[in-house]
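Read the structure below first, then the notes.
The values are calculated or read from the model by the stated rules, or taken from the named source; none is laboratory data. For clarity, every value in this text was computed on a predicted model and none was experimentally measured. Virtual Cβ from ideal backbone geometry, glycine too; neighbours counted across all protein chains shown. SASA here: full protein model, heavy atoms, side chains in, ligands and nucleic acids out. Shrake-Rupley method; radii C 1.70, N 1.55, O 1.52, S 1.80 Å.
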Amino acid sequence: MWNTMSTGTVSISFEDLDFSRKPQLGKNFETESHTSDSLVPVSRPLYTVEDVLSWTATKDGHKTDAFNIATVPLAKRTQQDGVPKTLVCHDMKGGYIEDRFVQGTWRDDCYLISHWQHIDTFVYFSHHFITLPPPGWTNAAHRHGVKVLGTLITEWDDGAKRCQQFLKDQASCRALADKLAQMAQHYNFDGWLINIENPLEAPQVKTLIGFMSYLTDVMHTAVQGSEVIWYDSVITTGELKWQDELNDKNRIFFDSCDGIFLNYTWKEEGLQRSLEMAGERQHDVYVGVDVFGRNCFGGGGFNTNKALSVIRKQGLSAAIFAPGWVHEKLGADNFSSNQSRFWNLLSDLCPMHGPAALPFVTSFCQGQGQNFYINGQVVRRGPWYNLSCQQIQTTFTSAQFSQGKEQAGGNRTMGVCTKDAFHGGGSLLLGGNFTHACDTFSFRLFSSDIPVQSPLLVSYTYKWETGADRTAVHLILSTSGQTKQWVLMEGDDSKDGDIDKTYVKNNTEDNSTGQAEFFIALPDKECDRLYKECFGCTRDETAEHGWCTRFYMLRDDTSTGCRIEGINLQCLRTGTVEGNTDVFLRLGEIRIMNAGDLEKKQNATVSHVACRDVSWKKLHHPTATTPAGDSMAADTVLLSGTLQWEYPQLLASSFDVYFSYKGAAGNTSEKVYVGRAQNSMYRVVDLPVIHDEADRDNSIEFNVLPIQ
């Protein structure tokens, strides 16, 4: 993560301590647990037509429900023309479970998605009238270039009543559509799934068709690249009859929007007819597959690939419904392995996408962990879950990264591990086995299409678990230019002097005969400066925890105008030692950015930091502990408040919040980590602070630090 060192501060004086103050925070706050009455920001659906029509983007000069605004823009990703798409519809336990907590929660056993490389569109689904995606899902999906849709659904008698309201006439339906477009634009998501699952009267059908067409138009105007998808439900007569195919009874809805999500109980002959009916829009037909297997071809679960194979045989897109089955049905204990098994079965049937723009930065964190780390140090102990903290995941997995030829090194494994991290809650643990001298094994990490227009600053951060004394590690960028490979060697380690560069080159890419350009890490003095500018710490401070970062400046004259098409890591056995050797390496971070961008970030500052809605609580239980299990002193009081600040939006992906004690003479204590904000505000909740009644001139100082 880039740490731009442009800290903003605000102080809260103990003179303001008032235990009677109870701010009114609004409906988008609730208690996180039954043991606390303190309120945290949450995501919620909208329940009625009146809720939607009364919604506004601003209130009293402030953005409405600003905590729920996703801040990560939709990333560019690699695209394949003329291939079917994959939509995932997330329906789990009614929605808005642990993911509703905007700032995260104190667990690490919650559901998440990490196989975004196989997904084009993500729908957050619930059975409430208007489902607004929690920002954590939008931020995680957008980092991977995946679009996110909310849901409008009407069902049963209540649904019929709502349809009577907004399908009463053209003005009514357009008023609702305008609000839906404004919400998507305001909360920064990409469209809507429309699901009308109750019968309609004939006049309402005509209005509904107009509604779909108008909503699609206003969405395209409000959000570039947005999508409106129709669910296969009511037909042109107004009857609720799922067709399981595209035909004359639902074609008019398909023609009015960007695609159709077919019901799950289809037959193969129906898919053939859908293909013929769709014509050139065959990839806008999303064939539903229920992972719970309810009357679904193949029976769902780990047989979902059987249904997907039939769908792809027809050249149609797919809508995978409720992949949270792997967590909801099979449980949290083996979730990671079950999730990998599920997606590995689908990987050959889902086109793969990777990063396609700079800056490219990832710590491999999946949005949860056993502790929270910054620069390799635990800054907050205990399990946590916050999807907004999820970083870009590898394009390849352990089942996919083989480079297509036998390598001397074997038994390779690769996966995210939460036992240690450089930033966030996880790192990429890579392992293999050497049997002979000069053995090598490579890991394909990312398939990419990143344009290079200027000199690059590249770094990678790693930590040895075993094998450090007999292994060299190189980051390798595959390019489209004359120089096919850029090999980023260790440089300041004597091991590199014993390495045959031709051998490195020939074991980098499958069947590679192109040139390789070798780069040595920047000298210590330059690295020390970059440590400070990028991490806000010294090399020694990260080394204390075993982490090493190597920085490179790539100024190859042949690079301008080329593209980075792959990001790989290679481990090479050094020396002449024979025999079995196990090697395990943690990859904590990779970053690739235009060299000039760091200076832009250095010049930006956090400004106008303020704290409002402050409240204080006494510590009623002398044995109370923090969520991480730390005990609290008897003179502890609990502080809550909302921090807000200003910062150029595109220069930071998130912010870290710290606090310290400030004495009357201006002296400050060591900073203590509070939490991570995903936009320019953060709700401090029950922060334990020491209150010395004999020194009321002391204050609490909050520091806000932007990171990339």
**Request:** Starting from region 551-569, keep only residues that are farther than 30 Å from GLY431 by Cα, then list their pairs with residues that are at pLDDT below 95 and surrounded by fewer than 17 Cβ atoms within 10 Å (Cβ to Cβ) whose Cβ atoms are within a distance under 7 Å, requiring at least 6 positions of separation or different chains.
**Result:** ARG555/PRO455; THR558/GLN482; THR560/GLN453; CYS562/SER480
**Asked** If we keep just the residues of region 276-298 that are in a helix (DSSP H, G or I) and buried (at least 16 other Cβ atoms within 10 Å of the Cβ), which is farthest from the chain's Cα centre (by Cα)?
**Response** MET277
**Asked** Restricting the search to region 206-234, which residues are under 17 Å from ASP169 (Cβ atoms) and either touching a strand residue (DSSP E or B) at 6+ places or on another chain (Cβ under 9 Å) or small (Gly, Ala, Ser) (or both)?
**Response** LEU208, GLY210, PHE211, MET212, SER213, LEU215
**Item:** Wholly within region 300-399, helices (runs of 4 or more DSSP H) carrying at least 1 residues that are of a type outside the set (Asp, Glu) and touching a Ser or Thr at 6+ places or on another chain (Cβ under 7 Å)
**Value:** 335-346
**Fill in**
Filtering region 315-332 for residues that are open to solvent by 10 Å² or more (accessible area, probe 1.4 Å) and in contact (Cβ under 8 Å) with a residue 12 or more places away in the chain leaves a count of 7
**Prompt:** What number of residues within region 417-441 satisfy the criterion of being surrounded by fewer than 24 Cβ atoms within 10 Å (Cβ to Cβ) and either touching a Leu at 6+ places or on another chain (Cβ under 8 Å) or not in a strand (DSSP E or B) (or both)?
**Reply:** 12
**Message:** If I ask for residues that are open to solvent by 40 Å² or more (accessible area, probe 1.4 Å) and closer than 17 Å to TYR385 by Cα, which ones from region 335-352 would you list?
**Reply:** SER336
**Item:** Criterion: out of contact with any helix residue (DSSP H, G or I) (no Cβ under 6 Å at 6 or more places or on another chain) and either open to solvent by 10 Å² or more (accessible area, probe 1.4 Å) or farther than 22 Å from ASP81 by Cβ (or both) - qualifying residue of ARG273, ARG312
**Value:** ARG273
**Request:** Report the residue count in region 206-248 for those that are open to solvent by 20 Å² or more (accessible area, probe 1.4 Å), assigned to a helix (DSSP H, G or I) and among the hydrophobic types (A, V, I, L, M, F, W, C).
**Result:** 3
**Message:** When you check THR64 against the structure, is it of a type in the set (Ser, Thr, Tyr), buried (at least 20 other Cβ atoms within 10 Å of the Cβ), in contact with a helix residue (DSSP H, G or I) (Cβ under 9 Å, 6 or more places away or on another chain) and in contact (Cβ under 8 Å) with a residue 60 or more places away in the chain, yes or no?
**Reply:** no
**Message:** Could you list, ordered by first residue, the pairs with Cβ atoms under 7 Å in which the first is in region 193-218 and touching a residue at least 24 places away in the same chain (Cβ under 8 Å) and the second is among the polar types (S, T, N, Q) and open to solvent by less than 10 Å² (accessible area, probe 1.4 Å), at least 6 apart or interchain?
**Reply:** LEU193/THR151; ASN195/THR151; ASN195/SER233; ILE196/THR154; ILE196/SER233; GLU197/THR154; GLU197/SER233; ASN198/THR154
**Request:** Starting from residues that are in contact with a helix residue (DSSP H, G or I) (Cβ under 8 Å, 6 or more places away or on another chain) and among the charged types (D, E, K, R), keep the ones in region 676-691 and report whichever is surrounded by the most Cβ atoms within 10 Å (Cβ to Cβ).
**Result:** ARG676
**Message:** Condition first: in contact (Cβ under 8 Å) with a residue 24 or more places away in the chain and surrounded by fewer than 19 Cβ atoms within 10 Å (Cβ to Cβ). Now tell me which residues in region 357-379 satisfy that.
**Reply:** ALA357, PRO359, GLN370, GLN377, VAL379
**Complete:** Residues of region 182-205 being out of contact with any strand residue (DSSP E or B) (no Cβ under 9 Å at 6 or more places or on another chain) and open to solvent by less than 10 Å² (accessible area, probe 1.4 Å), in sequence order, are none
**Message:** Let me confirm something: among PHE535, PHE551, which residue is aromatic (Phe, Trp, Tyr), in contact with a strand residue (DSSP E or B) (Cβ under 9 Å, 6 or more places away or on another chain), open to solvent by less than 20 Å² (accessible area, probe 1.4 Å) and modelled with pLDDT under 90?
**Reply:** PHE535
**Fill in**
Within region 588-612, restricting to residues that are among the basic types (Lys, Arg) and either at pLDDT 90 or above or surrounded by 19 or more Cβ atoms within 10 Å (Cβ to Cβ) (or both), the one that is nearest to LEU429 (Cα to Cα) is ARG591
**Item:** Qualifying position, being touching a residue at least 24 places away in the same chain (Cβ under 8 Å) and either out of contact with any strand residue (DSSP E or B) (no Cβ under 6 Å at 6 or more places or on another chain) or farther than 18 Å from LEU430 by Cα (or both), among LEU457, LEU475
**Value:** LEU457
**Message:** Any residue at all in region 455-465 that's surrounded by fewer than 21 Cβ atoms within 10 Å (Cβ to Cβ), among the acidic types (Asp, Glu) and under 25 Å from TYR373 (Cβ atoms)?
**Reply:** yes
